[in-house]
There are 2 protein chains.
Amino acid sequence: MGCRPVAAFVSIAVSTTGGDARSFLERFYDGIGDLATEYEFSIAGGDTTAWDGPFAVNVCLIGTPVCNSPVLRSGACDGDQLYVTGPLGGSLESGHHLTFVPRLNESRWLAETNCVTSMMDISDGLSLDLHRLCQASGVGATLIAGQIPVSDRVDSEKSAEQRLLHALGDGEDFELLFTVPPTSVADLKRAPFTVHHIGEMCQAGGICLSRNGATENLPMTGWRSF
Amino acid sequence: MGCRPVAAFVSIAVSTTGGDARSFLERFYDGIGDLATEYEFSIAGGDTTAWDGPFAVNVCLIGTPVCNSPVLRSGACDGDQLYVTGPLGGSLESGHHLTFVPRLNESRWLAETNCVTSMMDISDGLSLDLHRLCQASGVGATLIAGQIPVSDRVDSEKSAEQRLLHALGDGEDFELLFTVPPTSVADLKRAPFTVHHIGEMCQAGGICLSRNGATENLPMTGWRSF
């Protein structure tokens, strides 16, 4: 994280059995073209083919760090504060996963301000991705249930408990999850975007959820490809 | 062309309905690992996912020119001589398309020797790919039928005419097709690999096959994805 995109390689396999894909492909490449213009990267290549399987696409985006080195998920320390850039949950059901704004500007600001020790985006769910960040950093964490921003994409008629589970495990949010040392927390006040303080890193040994004055183990919910 | 590989991004979609792919994937990644070691590039990333479609893989390989700039397919000139690095035809039927040796060393030597005006690899068939080279360069070409090396992967019991058609249109050969100006032809004698002289570039206007003392238009045979 903390990189600017340089070039995209867009590969597609068009289905020979799925009807005419021309209209879809025109919108697809228009969308990629718009992003390339906005975020100043090139569409540098990729494969195009056809097969009798379903439509498939793979985009490989390469970039370069905005500072000296990228911000990894392995730098979080005991005592760091945990933040997220936006509300979570309900992405797949609402179609948000196809229309979200990539947090490139936010990632760049955080890297340039040099206030983050670790950063990743939430693609498979806050809980699962936080477990990965903790494992890579060799630390534990405590999430504060009442401070986790639940998206209004999650059905408001569901119970608070159910809504929290959506925020923890739905995934496809593509918000930034990052850690800030206590000495840099004040820097975040100058951030030109919203940040939500959702917890704190601790020594390795447990990843917990704190609510109603009690602490419980955080189940590792989220999307698993395998 | 004329580049050395730097990094590969390997993306796979494993079929959830196709049985256990573990053994195949181990051999697949072993093979990529061997190539990465031999040709000195990194396996720098890629996506892994599972879906209910067939197994799918996409490899994006980025590189850097061995000289000042890459050798393009657009540099061929009227009078340049046309060469290929190896025999053609029968690749898909014989399985050669899964075991071929990428012509990276040959490409590098040709670029460093600075003797080529254009270069591409033959993936979709000599005839179709030569048409593309001619179109990009704004020239025509004459292939000399009797000098086109037909691979012994092509059934030897077929007629000479049929064997030639395989060499022209089968594709998946992954040999280099390149053009050399008359003043640089002598440099090729020092090449530490075999080259086959198969024709000559001419002014735009026709791509022809010369045989038995006559010249005919070269049909644009080859693999077309769409």
Taking only pairs six or more apart or across chains, which ones have beta-carbon atoms under 7 Å, a first residue in the range A:38-53 that is at the interface with chain B (Cβ under 8 Å from one of its Cβ atoms) and modelled with pLDDT of 95 or more, and a second residue that is in a loop (DSSP other than H, G, I, E, B) and surrounded by 15 or more Cβ atoms within 10 Å (Cβ to Cβ)?
-> none
Inspect the range B:141-154 for any residue being outside any helix (DSSP H, G or I), open to solvent by less than 30 Å² (accessible area, probe 1.4 Å), touching a residue at least 40 places away in the same chain (Cβ under 8 Å) and over 22 Å from B:Met220 (Cα atoms) and give the result as yes or no.
-> no
So how many residues does the range B:175-192 have that are open to solvent by 40 Å² or more (accessible area, probe 1.4 Å) and touching a residue at least 40 places away in the same chain (Cβ under 8 Å)?
-> 5
Give just the number: which of (1) away from every other protein chain (no Cβ under 14 Å); (2) farther than 20 Å from B:Tyr83 by Cβ; (3) among the charged types (D, E, K, R) does B:Lys189 not satisfy?
-> (2)
Tell me, please, whether a residue that is crowded, with 18+ Cβ neighbours inside 10 Å and not aromatic (Phe, Trp, Tyr) can be found in the range B:37-49.
-> no
Single match in B:Gly75, B:Gly86, B:Gly18, B:Gly79 (criterion: in contact with a Lys or Arg (Cβ under 9 Å, 6 or more places away or on another chain) and assigned to a loop (DSSP other than H, G, I, E, B)) = B:Gly86
Within the group B:Gly199, B:Gly205, B:Gly171, which residue is crowded, with 17+ Cβ neighbours inside 10 Å and either part of a loop (DSSP other than H, G, I, E, B) or outside the structural domain of B:Leu92 (by TED's automatic domain parsing) (or both)?
-> B:Gly171
Every pair of residues 6+ apart whose Cβ atoms lie under 7 Å, when the first sits in the range B:111-140 and is in contact (Cβ under 8 Å) with a residue 12 or more places away in the chain and open to solvent by 10 Å² or more (accessible area, probe 1.4 Å) while the second is among the aromatic types (Phe, Trp, Tyr) and assigned to a loop (DSSP other than H, G, I, E, B) | B:Asp121/B:Phe174; B:Ser123/B:Phe174; B:Asp124/B:Trp223
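The values are calculated or read from the model by the stated rules, or taken from the named source; none is laboratory data. This structure is a prediction, so every number in the text was calculated from the model and none was measured. Please note: Cβ atoms are built from the backbone with ideal geometry, for glycine as well, and neighbour counts cover all protein chains shown. These area figures cover heavy atoms from the full protein model, side chains too; ligands, DNA and RNA do not enter into them. Shrake-Rupley method; radii C 1.70, N 1.55, O 1.52, S 1.80 Å.
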